[in-house]
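Structure record follows, encoded as structure tokens.
All of the numbers you see were taken from the coordinates with simple rules; none came from a lab. The structure presented is a predicted model; accordingly, all values stated were derived computationally and were not measured. Cβ placement follows ideal geometry from the backbone for every residue including glycine, while neighbour counts extend to all protein chains displayed.
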Amino acid sequence: MKVTEIITETAAWQKKSGKNKNGGLNKKGVKSYRREHPGSKLQTAVTTKPSKLKKGSKASKRRKSFCARMKGMKKSRTGAKTKRDPNSRINKALRKWHCESVEQLQDMLMIAESKIFEIMHESHANDFIKPFLPFAQEELQINQLPVIKVVDRVPGADGTTFGAFNQADECIYLVSKGRHPKDVLRTLAHELVHYKQHLQDVLDDESGITGSPEENEANAQAGVIMRNYSQENPE
């Protein structure tokens, strides 16, 4: 019996040769994909800067549609670590289509190193907080963070209060001394939810009362943020 050997070659769109180093497929990859998917209308990226595109043109509409679709995917279906990685495929594609600039991504990454902290006692014990901030910011989808003051005691509170968000100065007071890092981060996540509620203008004098809708939301979201953060940072 004659045996015929069948060799299946991987299509170019699935290989490095068919991919653009800046994200997406190159012409060879697009041609390969369309050959394997008859009827596909896949095209190469619109790399012309938005300011150079004619308003209402086919290319302009393609870019607008792509950006909306990919930003939605990045927001709801992409892990926080991938979102922050400038070399991830999705970030490369967004930059290639001029949906996002590298400066915008760098701004987000530099937030943790900016003058957010006003440490009221000299110590490097709070360094574990810094990498948590851009993660929490991404989870909560907020454009900027409030001032965060790490203190020995929350001003105006009793000794059992470990965190508070002050609406008047848009500042979070956080007690870290003598506490486990995970407990500190959970408190910070809780207060960041209150900060987001402040931005949404939903806080009132009763929002901090146990059982209030705002307090329940802060507890629930803080739990989700900590669970997601622990999964990405098991150490």
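Estimated purely from DSSP H runs of n ≥ 4, each contributing -39500 (n - 2.57), the mean residue ellipticity at 222 nm for the chain is -13500 deg cm²/dmol once divided by its residues.
Angle of helix 58-77 to the longest C-alpha principal axis of the chain, folded into 0 to 90 degrees and rounded to 10: 50°. Since only 91, 184, 140 are under comparison, the one whose Cα sits farthest along the positive direction of the charge dipole of the chain, derived from C-beta charges on Lys, Arg, Asp and Glu, is 91. Binning every alpha carbon pair distance of segment 169-235 at 5 Å from zero, what are the percents per bin? Values per bin, smallest distances first: 3, 17, 24, 24, 18, 9, 4, 1. The convex hull built on the alpha-carbon positions of the chain has an orientation-averaged projected area of 20.6 nm². Compute the Cα gyration tensor for segment 12-108, then decide on rounded, prolate or oblate, letting a ≥ b ≥ c be the square roots of its eigenvalues: rounded whenever a/c is under 1.5, prolate when a/b is larger than b/c in the other cases, and oblate in all that remain. Note, shape of segment 12-108 comes out oblate. The phi torsions of segment 189-201, fed into the Karplus equation with coefficients 6.51, -1.76 and 1.60 and a -60° offset, translate into couplings of 4, 4, 6, 5, 5, 4, 4, 5, 4, 4, 5, 7, 6 Hz, rounded to whole numbers, with Gly and Pro shown as x. Among 52-59, 179-186, sorting by the average number of other beta carbon atoms lying within 10 angstrom of each residue, highest first, gives 179-186, 52-59. Distances between placed amide hydrogens fall under 5 Å for residue 151 paired with 174, 175, 176, all partners being 5 or more residues away or on another chain. Each Cα pair of segment 111-232 feeds into the Kirkwood radius, which the Stokes-Einstein equation turns, at 37 °C and 0.692 mPa s, into a diffusion coefficient of 225 µm²/s.
Only Lys, Arg, Asp and Glu carry charge here, each on its Cβ (+1 for the first two, -1 for the last two); on that basis the chain has a dipole of about 3360 debye about its Cα centre.
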